[in-house]
Amino acid sequence: MIKPKVVVTRRWPAAVEAALAESFDVTFNRDDRALTAEELKDAVVGADAVLPTVTDRIDSRVLETSRPRTRILANFGVGFSHIDVEAARERSITVTNTPDVLSECTADLAVMLMLMVARRANLGEREVRADAWSGWRPTHLLGSKVSGKTLGIIGFGRIGREVAKRARFGFGMRVLAYNRSPIAAEALAETGAESVSSIDDLLPQVDFLSLHCPGGAENRNLIDARRLGLMKPSACLVNTARGEVVDEFALAQALWFETIAGAGLDVFCGEPKILPELRACENAVLLPHLGSATVETREAMGFRVLENLQDFFEGRPPRDRVA
Ligand code: 8YV
């Protein structure tokens, strides 16, 4: 039997690459350089499946070729705002993602960012490394307490709920949640969260705000200058969702003029470039998109893609179909 041709756009964990090679005729990206639009287009023309990541912009220009051979874009990651899903649908290309398997690790990282920004861990770490620590003193690098405070969550899907559990049951926080569609009573009971009916109602109440909604056009600049202005001056923002959900320039201004106290960011507009105004803010903790970056999770994400591909090519509906 002829194996379907598959292009993997980046290096994946070795165990998953080996498993993929058993079932498919795979082109790997051995030097792990992000593919250009032209190279992505070639992949769409020449392979039955393309396996992209967040670093591959699959827009209508990439898909506009008259004879795409690709029947499935099996994304490595839960977020897929880098894929023009409408353009894929128009060409009858299936799109899948990898939910569930990264919820815990992404939630862990959101909590880590909340703690880091509240407790000024980035500044302390840099001070020690620079050999600039003059010793213990009662007023050194005072942050703000996390336990018992109020956390607001926007986007109460799988990751948002995992964050809520950690905050509620780990740190005794009050958790307020906003979701576009109504939140099921069981989800509130399971997480100890309370539902809030609008973002504008949520913002003035929170000490920490964590974003867990999808990116893309629908949520671009959801947190803009006006909404940042609704937050308490002592509040911190955490973003492990997508860069475009926040107006980064407005955020840099809010941090610079201390109209909010801090931010912990794992995602950015135009990654890997960081807005210089944001980089200049000492009260921001900046991480290079590490949400799902554990061996366990990245392997699980890869195997989930494999499962989606096997289902698709064996004629079953892939479990994680999004288009
Ligand atoms: C992934 C993520 O590593 O899954 C997502 O949506 O943001 C990350 O955890 C990345 O997207 C891989 O494509």
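None of the figures in this text is laboratory data; all of them are computed from the coordinates on show. Because the structure is a prediction, the values reported are computed rather than measured. Because the Cβ atoms are built from the backbone with ideal geometry, glycine has one as well, and the counts that use them run over all protein chains shown.
The figures follow:
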read-out: Å³ per residue enclosed by the Cα convex hull of the range 1-97; value: 91
read-out: Lysine pairs in the chain with Cα atoms under 29 Å, if 8 or more residues apart or on separate chains; value: 9
read-out: For peptides 26-37, 284-295, sequence by mean Cβ density within 10 Å, most packed first; value: 284-295, 26-37
read-out: Cα-based helix-to-principal-axis angle, 103-119 vs the chain, degrees rounded to 10; value: 30
read-out: Assigned charges on the beta-carbon of Lys, Arg, Asp, Glu; the chain dipole about Cα centre (debye); value: 340
read-out: Calculated from backbone phi, Karplus (6.51, -1.76, 1.60) coupling profile of the range 52-68 in Hz, x at Gly/Pro; value: x, 10, 4, 8, 10, 8, 9, 9, 5, 5, 5, 8, 6, 3, 5, 10, x
read-out: Estimated vicinal HN-Hα couplings, Hz - the range 166-171 in sequence order (Karplus 6.51, -1.76, 1.60; Gly, Pro = x); value: 4, 5, 6, 8, x, 10
read-out: Cα centroid of the range 92-132 to Cα centroid of the range 218-265, whole Å; value: 17
read-out: Long-range HN-HN contacts of G77 with modeled amide H, under 5 Å; value: T98
read-out: DSSP-defined beta bridges in the chain - what % are antiparallel, rounded to 5; value: 5
read-out: Packing-based ranking, highest mean first, of 10-19, 75-84 given that Cβ atoms within 10 Å are counted; value: 75-84, 10-19
read-out: Computed Rg/Rh of the chain, alpha carbon atoms with Kirkwood Rh; value: 1.01
read-out: Packing-based exposure ordering (other Cβ within 10 Å, fewest first) of E104, E90; value: E90, E104
read-out: The chain - percent relative contact order, Cα under 8 Å, separation 6 or more; value: 17
read-out: Projected-area mean, the range 9-63, by convex hull of Cα positions, square nanometres; value: 3.8
read-out: Degrees separating the helix 14-23 axis from the principal Cα axis of the chain, which is the longest one; value: 30
read-out: Evaluated at q = 0.09, 0.20 Å⁻¹: base-10 log I(q)/I(0), Debye formula over Cα of the range 103-286; value: -0.30, -1.44
